[in-house]
Amino acid sequence: MTLRKLRAELAADQELGVGNVLSTLVARAGVDAESGITFDSEVDGHPAWRRLTLRDLDRAVAARAAWFHCAGIRPRDPVAVHVTTAADQVLAFFALTRIGAVPALLNTNMDGTTARAYLGKVRPRALLTDAAHRARLGNEPFPGVLHTDIADAAGGYEGQAPSQYRFHPSDAAVITHSSGTTGLPKPVTASHASLFAATRHRLTLPRPRTIDRMLSALPANHAAMVIAVTLALCSGIELLMLSDQDGKGVLAAVDRWQPSCVFGFAATWPQLVAEDLDRYRLDSVQMWWNTGDAAHEAHIRKLVSVGHRVVPKRGGVDRLPGATFMDGLGSSEMGHSMFFITHTPDTDRYNRCIGKPHVFAEVAVLDERGLPLPAGRIGELGIKSPTLSPGYWNDSVTTYRTRRSGYFLTGDLVYRDEAGYYYHVDRVVDTVSLSGGRYLHTAQSEEQILAGCPEVLDCTVIAVAEDESTVATEVLVSLAAGGPAPGDLQARVRAALDEHVAATVRSVIVVADEDIPHGPTGKVRKAILRERYKERTARAAAAAGGKAETV
């Protein structure tokens, strides 16, 4: 069967979803098909960095499904997976969905205290860990929970594996979690159909040549990982899954494996451009593909200056210097990026432009009453899409609070221009109201600083309402490697900002990356930074005898 015919058949198969992708491919394409996945760790004696074929994957998954089944895991059981390697995450996901259980995938970087609290919210039937994560969770048992080391599961007898569970489209297929930037990460449910909806759409389109060999620098627990894996297997794309998203490690993997596409989050790109890109072989890259938070222009421009792109011309194609960068905005709850825009060295539509919606998405900019706003007005982003999560696991209150007028409220503030392009300005929780009906949007301010101060590699803007009429802003910046802090840095930062925002700036502080608190997925935890600012100002006021001082 040709790949084109297989893709068409998969797109038309209404029983296909994220819960049965592997078994469907084995049945339709056979175990000798070209699809497969490469991991950066050994799998059942199979060396790291060597592709596992469909046959290899099917055997590894069957062994684990048999072991889980013999251990008592049954259909519809939620099973937490807190492990280190991408291989363990992906194979556990496939094996549990073969049984019909619901894998709850935890980010490998989640600390023990947070993980315990999160598991208390999920209430899993079983917990799969490795030695490192069991130690992190501590010795206190989880009452009523079957616990096992993930390494044991590889010893199952594949002949005892149950047959593929038959999913209904609305069945829960996997639980992932939000970034946890404002508190405890929220468990996000994805259904068999919802997390496959965007892949089904892509299978109806021509297979793009820019993603024939894809490196995933995504956290292996994330919904985006499930999408990347299912898209790759269904499209005959070679896929490398990395277990760590550290910038140097990602660049070293690109140098070694020579992908045509690199898939990652916005938090990864500043780590890449902080390095000397000329030291790595990056010419194979045709596309950098971003999801999650929108990426910054300063980082995009550096990445599209390396690699190459192929453009059609009369009688053939041209190979031009400089890759493309596919940007968008997505989240675990959205199930897939809702927007897309492609940047090249020649494009200049930035200022946090996230592009236009995918054809499967209906989007609106809503006011506080849930009514649509016209072009040019900033409001909260509302989404209707077949990719949407059906809700939060064990949390119907939060599920219903995020719905308004039939839309899912993403928590993002955006606006639309007259040409139909959308722009992201901030998260609702990070925006502060100023006098005169103006607002301070922290993400938009960060964009302005990065665009106006080339010596700044990355920055975080923290805005705190000190009282009803006073807002204080603190700007935390990291500088390009080896670059000294300019004597006029504070003046330059203020000059890059809108006048009404610049007037609120109390301090500009050069920090190291380790000084910034990040969530498990790499997002900055601004809520913690705001609390730290309030504590410092309170201490300063107490030391001054009750008179607040500028910090």
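Structural remarks
- Oblate is the label for region 165-222, because a/c, from the alpha-carbon gyration tensor with a ≥ b ≥ c as root eigenvalues, is 1.5 or above and a/b does not exceed b/c.
- Annotation for region 485-551: trypsin sites (Lys or Arg not before Pro) lying in DSSP loop with at most 15 further Cβ atoms inside 10 Å of their Cβ are 547.
- Cα gyration tensor shape for region 85-186, rounded if a/c is under 1.5, else prolate or oblate: oblate
- Amide proton proximity set for residue 147, modelled H, under 5 Å, gap of 5+: 127
- Peptide ranges 242-252, 93-103, 426-436 listed from the most packed, as the mean C-beta count within 10 angstrom indicates: 93-103, 242-252, 426-436
- With contacts taken as Cα pairs under 8 Å at a separation of at least 6 residues, region 431-543 carries a relative contact order of 22 percent.
- Pairs of Cα atoms nearer than 8 Å and 6+ residues apart set the relative contact order; for region 352-428 it is 36 percent.
- Cα gyration tensor category, rounded, prolate or oblate, for region 185-269 with a/c compared to 1.5: oblate
- Alpha-carbon centroids, region 316-351 and region 111-179: separation in whole Å: 35
- Built amide H within the under 5 Å cut-off of residue 173, gap 5+: 190, 191, 192
- Karplus 3J(HN,Hα) series, Hz, for region 423-429 with 6.51 cos²θ - 1.76 cosθ + 1.60 (x for Gly, Pro): 10, 9, 10, 4, 7, 4, 6
- Longest site-free stretch - the chain; sites: GluC sites (Glu not before Pro), DSSP loop, at most 11 other Cβ within 10 Å: 1-367
- Seen from residue 91, the other residues with C-beta closer than 10 Å to its C-beta sum to a net charge of -1, counting Lys and Arg as +1 and Asp and Glu as -1.
- The chain - share of DSSP beta bridges that are antiparallel (%, nearest 5): 60
- Estimated at 0.36 nm per residue, the fully extended path between residue 123 and residue 543 surpasses their Cα-Cα distance by 146.6 nm.
- Karplus (6.51, -1.76, 1.60) ³J(HN,Hα), θ = phi - 60°, over region 408-416, in Hz, Gly and Pro reported as x: 7, 8, 7, x, 9, 9, 9, 9, 10
- Residues whose amide H comes within less than 5 Å of that of residue 471, counting only those at least five positions distant or on another chain, are 466 (H built at 1.01 Å from N in the peptide plane).
- Restriction of the trypsin sites (Lys or Arg not before Pro) in region 309-382 to DSSP coil positions whose beta-carbon has at most 10 other beta-carbons within 10 angstrom yields 314, 369.
Laboratory data are not the source of any read-out in this text; all were calculated from the coordinates shown. Just so it is clear, the structure is predicted and the values come from calculations on it, not from any experiment. With ideal geometry, Cβ positions are generated from the backbone for all residues, glycine too; neighbour counts draw on all protein chains shown.
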